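**Q** Sharing a structure, written as structure tokens. Questions coming.
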Amino acid sequence: MSLTIEKQIELLLTGHPLEIDDMHETIHAAQNEIGETGVSSTYIPICQKTVTYIVAAVIINNQGEILMMQEAKSTCNGKWYLPAGRVEPNENLIDAIKREVLEETGLILQPDTLILIECATGSWFRFVFTGKIIGGKLKTLEEANKESLQACWISNINDLTLRSHDIVSLIERGKIYMNKDVSKHPNLMPISTPLNKLLLRLIITSKKRATNKLHILVSNAMPSHLPICEINPNRNLLSTLHNFMKELFGNGVAQHKPHGVLSLEFSGGQGGDGLCLTLLVSFKLPVENVPANEKFIWYELPENLAMSITHRLPRNMTVPLSVIR
């Protein structure tokens, strides 16, 4: 049975998967409606072959210290980095980050939430978690192995020789998230869903001038669904988003703001190695000034869902999606 738009939004906002039958219908309908997405029909995401998934952990203790590990690899021996590594085939993201933290630091992580998702091309993704240490023993030099030399709680990473400075922005993101004076998004964990494509789903909002009611864009065909397209694995994700918005609203698409990720569905080997990112996008212009193509319509949300979506529009209320150019 197909889900109503209201039910789809509720599930996405509360961290539950959409029903698989609905997902398949939606993908099929989306590819037919949107047409040429620039994605080769032969492309299949295969973990560690045609798509790379990385996990990393920013763990900050009550003293404000950051959990760091010292590299054992010959290419960066002795340098420091966050606990991080590649997701293995058939592994889900939660198991992957727990494994990496345990192997590299000796500590047991209870992941609480994603705090950042990064992508370079559409086939390289890094998922950054934070959480609590609930057990284990901090790895010492005497326990050095091929995974790492040791792990330490560090108060100032400037005191270390880093493997790469790309983690500085990840640590800053972690500090912002841990700051009790900053509003923050609800905990967001990956949803386990069988997928064999890389997908981008959009919740696009605008207010109707005549009523001041919040609307979202949905398909005109039944069963109604949110806009969804394949991510081009050879281009950065902003390119996929830009081209998709042009398909939805025409070449002169009005200025809009991508806010961040509301949900992440990840396959982890269940029927494929795909994922689906749900991105929140808003127009400042009213519905009346943002006409969509004939296959999509603006749909007025009931007050409770409108409030839930509006609550997620301010800064820090979604998981940032950082596109590395």
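**Q** Which condition does Thr193 not pass, out of (1) touching a helix residue (DSSP H, G or I) at 6+ places or on another chain (Cβ under 8 Å); (2) in the same structural domain as Ile60 (by the TED database), if it passes all the others?
**A** Answer for Thr193: the failing condition is (2).
**Q** Here's something else I'd like to know. Suppose we filter Met222, Met189 for residues that are more than 30 Å from Thr50 (Cα to Cα) and outside any helix (DSSP H, G or I); which single one remains?
**A** From the options Met222, Met189, the qualifying one is Met222.
**Q** Looking only at residues that are modelled with pLDDT under 95 and β-branched (Val, Ile, Thr) in the range 177-215, which one is nearest to Gly271 (Cα to Cα)?
**A** Thr193
**Q** Further, regarding this structure: So if I check each of Gly136, Gly174, which one is surrounded by 13 or more Cβ atoms within 10 Å (Cβ to Cβ) and without any contact (Cβ under 8 Å) to a residue 40 or more places away in the chain?
**A** Gly136
**Q** Can you tell me which residue among Gln31, Gln48 is open to solvent by 40 Å² or more (accessible area, probe 1.4 Å) and at pLDDT 95 or above?
**A** Every option except Gln48 fails the conditions.
**Q** Name every residue in the range 97-118 that is open to solvent by less than 10 Å² (accessible area, probe 1.4 Å), touching a Leu at 6+ places or on another chain (Cβ under 6 Å) and not hydroxyl-bearing (Ser, Thr, Tyr), in order of residue number.
**A** Val101, Leu114, Ile117
**Q** Also, I was wondering about something else. Testing Leu248 on (1) within 15 Å of the chain's Cα centre (by Cα); (2) among the aliphatic types (A, V, I, L, M); (3) not in a loop (DSSP other than H, G, I, E, B), one condition comes back false. Which one is that?
**A** Single failed check for Leu248: (1).
**Q** Here are the criteria: (1) surrounded by fewer than 23 Cβ atoms within 10 Å (Cβ to Cβ); (2) assigned to a strand (DSSP E or B). Tell me which single one Ser239 does not satisfy.
**A** Result: Ser239 passes all but (2).
**Q** Now a separate question. Going by the structure shown, is Asn293 open to solvent by 30 Å² or more (accessible area, probe 1.4 Å), of a type in the set (S, T, N, Q) and assigned to a helix (DSSP H, G or I)?
**A** no
**Q** Using the structure shown, decide if Ile94 is touching a Leu at 6+ places or on another chain (Cβ under 9 Å) and not assigned by the TED database to the domain that holds Ser263.
**A** In short, no.
**Q** Further question: Which of the numbered conditions does Glu265 fail, given that it passes all the others? Conditions: (1) within 21 Å of Ile191 (Cβ to Cβ); (2) of a type in the set (D, E, K, R); (3) not in a strand (DSSP E or B).
**A** Answer for Glu265: the failing condition is (3).
**Q** Oh, and also: Out of the residues in the range 271-286 that are farther than 21 Å from Leu238 by Cβ and out of contact with any strand residue (DSSP E or B) (no Cβ under 7 Å at 6 or more places or on another chain), which is surrounded by the most Cβ atoms within 10 Å (Cβ to Cβ)?
**A** That would be Gly272.
The values are calculated or read from the model by the stated rules, or taken from the named source; none is laboratory data. Predicted model, so just to flag it, every value in this text is computed and none were measured. Glycine also receives a Cβ, built like all others from the backbone with ideal geometry; neighbour counts cover every protein chain displayed. Note: areas computed on protein heavy atoms with side chains; ligands, DNA, RNA excluded. Shrake-Rupley method; radii C 1.70, N 1.55, O 1.52, S 1.80 Å.
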